[in-house]
Amino acid sequence: MKNSIIIILLLLSALAVSAQTAQNKMTWWEEAKFGMFIHWGIYAVPAGTYDGKRIDGIGEWIMARGKIPVAKYKTYAQEFNPVKYDPEAWVKLAKEAGMKYLIITSKHHDGFALFDSKVTKWDIVDATPYGKDLLKPLAEACRKEGIKLGFYYSQAQDWNHAGGAASGGHWDSAQDGSMDEYLDNIAVPQVKEILENYGGLDIIWWDTPRNMTKERAEKFLPVLSKYPNLITNDRLGEEGFKGDTETPEQSIPATGIPGRHWEVCMTMNDTWGYKSYDDNWKSTKVLLQNLVDIVSKGGNYLLNVGPTAEGIIPDPSVERLKEIGKWMETNGEAIYGTTASPFDYLPWGRGTLKGNKLFLHVFNWPDNGKLSVPILNKVNKAYLLTNPGKTLKVKKSGLNKSIEIPAIAPDQFVSVVVLEIDGKPEVLPIPSGGKKVSASSEQPNHEAQNLTDGNPKNDWQPVKNDKDVWIEVDLVEKTRIGAVTVVEPWHPWDKKSQKLELQYLKGNHWKTAKEFETKGTGHTENITPIKAQKFRLKILESKEPTLNEWILYRAE
Ligand code: H79
C-alpha cells in the first residue's frame, strides 16, 4: 500500500516536471490574449492643439506634426502634474476588463521619461512639478494584482535628445547630433535603468527602428542578454531583429501570421496619446469582436488608453473596458489559453479551441434557429457557454452539423456556443489552397502562384504596363464559394485602397460575383454563394496592384 502511494507520488511529480519543461517564456503570453497599452506623456498637455490650431494625426506626434521647437515643447512639462494619477485604479481597470498584461510608454518619441532617469533632466522627476517617478507605483500595483508588466521604449526616435532619430527629419537644430552618441549615452543606459529598477519587466516594446542599423541595434544586446525571460517585439532594428512577437498596428491580419507570435496593437479612438477632441470611439461590440477575431487567428490584442495630463483615463475608454470585462467574466473560458480556430472561415462568426472544446463565437445570430457548423467530427455535446446545463440538439446536415439554437441571441455582442467534439477537429481544406493560379501578367519573384501558397509574406505583382489586370484560379472541381479574402501589404496610415471584382466562369462567359473595395490592409467579402470551378479577380483600380494571398472559402 505504502509502496503504491510512493509510486503514484513519483509519477505525479514526474508529470509535474514534464509539464513544467513544456513551459517557456511565451507560455503566459500565449494564454493571456488581452493586454492594455498606455500612451502617456507630455503630449497630453497640448492634447492635440498647438498655437490655437488643431494638429492632425495621432496625439503623441504633435511635436513632429506641429514642428514645435524643442525649447517650446519643454515648457509643456511645467503643466504636466498628474495629481489624479491612481496607478492601482489603472491596474484594477485593466484587470476588470480581463486584460492580463499592461504596457506603458516609459519613453515615447518626444524623449520624455516617465521614470526617474539619471542620464537626463528630461524626465518626470526633473522636468515637471509632479517630481515623482510614475512607473514605480505602477509596477508595484501590477505585482500586487498579478498583472504582467511591459515598458514601451522608443529607442530610435527621440526628438529632444541631440542625435535621436526623427521620421521625416529634424526640424530644430537642437536635435542635431550623433545618433551613436545618443544611443550610447541615453538610450542604452535608460534601457538598463528600466530593466534594473522596476522589479523586473516581462516585456520591452520597441518602436519605429528608424536608422537602426545592425550595429546600432546590437548596442542593446549585452544588457538584454541578462534577461532571458524578457519578451521583446520585432521593432528593435531595421532588419534581422525578429524578436519574439510581430506587431501589426491598427489592423488585423486577414489570415493571422503563421509560425509567429503576434499581437495587434490598436487605439479605441484615432489617437494613442490623449487628444481632447478625438471622439471617434469604436463601439464595445467592434472592440470585443476584434479581440475574438484576433484570438481566433492565434494572436493577442493590445488595446490602448491615452490618459490626460491630470492622470485620468477618459470615460469613454473606461466604459468600454468595463463592458468588455463583463463579457470576459462569463465568456473568458472561450478566450484565455485557447488556440486558433480550426475553421478558416465561418460566415456567422469565429472559432477558438481548447482541448476537445470548440468555442463558436457567434457575431451574427442566425434567425432560423439553426447554426450550421462545418465540422466533420462527431459532436458529443452542445450548449451555450453561459448555460451549460441545457444541451442543444445537434443534427447532421450534409457534411456539416446543424445546432438548434434559441431564437434570440443570448448576448448583445458575441454569443458563445460550445461543442464538445470527438478527437482533433477535422474540417474540409480551403478550396483555393495550393491551387494553380494564372495571371494577366506577373513580375519575376512576384509570381501569381504565391497567392495560394498560404504564406502572406510573398506577393504577386503584375508588370507595370498591364492595362487589364487579373488573376485566375482553377479549383479543379465545381465548388460553392461563399466568401473571398485578399491579404494586402500596406499599413492603415499608407491610405491605400484597391477596387476589385470577383468573377466566375459560367459556360464561356466571365460573370460578376461582386465588386468591392479594400483599404490596403487585407479584406474579407461575403458573397451570395456561387458554384463554379474557375474564378477570376480583376483589379479595377489600384496605384500599384499587389496581393499577398487570395483565398476563396466554401459556402456552408
Ligand atoms: O506609439 C504609437 C505610435 O506613435 C507609433 N507606434 C504606435 C504604437 C508610431 N510611430 N510611427 N508610426 C506609428 C507610424 C505612423 C506614422 C504616422 Fe505619420 C504618423 C503617420 C501619420 C502620423 C510620420 C508622420 C509619417 C507621416 C507623418
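Set the Förster distance to 51 Å, then compute FRET efficiency between LYS326 and LEU540 from the Cβ-Cβ distance, nearest 0.05.
About 0.70, to the nearest 0.05.
How much of the accessible area of the chain, in percent, comes from carbon and sulfur atoms when a 1.4 Å probe is used? Summing carbon and sulfur atoms, their accessible area is 50 percent of the total for the chain. Annotation for GLU426 and ASP453: the two label points, set 7 Å from Cα along the Cα-Cβ direction, are 3.1 nm apart. When DSSP beta bridges are restricted to pairs lying wholly in the chain, around 70% turn out antiparallel.
Each of ASP468 and TRP171 was given a label point 7 Å from its Cα along the Cα-to-Cβ line. The distance between the two points is 4.9 nm. Label sites at GLU239 and ASP56, each approximated as a point 7 angstrom past Cα along Cα to Cβ, lie 3.1 nm apart. In the context of the full set of protein chains, residues of the stretch 349-421 present 47 Å² of accessible surface per residue (probe radius 1.4 Å, heavy atoms only).
Hey, which of these cross-link pairs are over 26 Å Cα-Cα: LYS33/LYS499; LYS192/LYS214; LYS354/LYS395; LYS496/LYS534?
Where the Cα-Cα span goes over 26 Å, the pairs concerned are LYS33/LYS499; LYS496/LYS534.
Counted over all Cα-Cα pairs of the chain, pairs farther apart than 38 Å make up 38 percent.
Of all aspartates and glutamates in the structure, those lying under 17 Å Cα to Cα from LYS514, and not within fewer than 8 positions of it along the same chain, are GLU472, GLU501, GLU525, GLU541. Partner aspartates and glutamates whose Cα lies under 17 Å from the Cα of LYS282, excluding those fewer than 8 positions away in the same chain, are identified as GLU249, ASP270, ASP293, ASP315, GLU319, GLU323. Does a label point 7 Å from the Cα of ASP270, set along Cα-to-beta-carbon, have any residues of the stretch 38-52 with amide nitrogen under 15 Å, and which are they? Residues 48-49 qualify, since their backbone N sits under 15 Å from the label point. Longer than 24 Å from Cα to Cα, which of LYS457/LYS495; LYS92/LYS390; LYS242/LYS464 are they? Say none if no pair is. Table pairs above 24 Å Cα-Cα are LYS92/LYS390; LYS242/LYS464. Counted residue by residue at 0.36 nm each, then reduced by the alpha carbon distance between them, the extension gain from GLN23 to LYS511 reaches 170.4 nm.
Gain on full extension, evaluated as 0.36 nm per residue between TRP493 and ILE408 minus their Cα-Cα distance, stands at 26.7 nm.
Helices of the chain meeting both criteria, an alpha-carbon length of 27 angstrom or more along the long axis and an average Kyte-Doolittle score not below 1.0, with helices taken as full DSSP H segments, are 2-21.
The values are calculated or read from the model by the stated rules, or taken from the named source; none is laboratory data. This one's a predicted model, so the numbers in the text were calculated from it and none came from an experiment. Every residue, glycine among them, receives a Cβ derived from its backbone with ideal geometry; neighbour counts consider all protein chains shown. The area values use the complete protein model at the heavy-atom level, side chains included, leaving out ligands, DNA and RNA. Shrake-Rupley method; radii C 1.70, N 1.55, O 1.52, S 1.80 Å.
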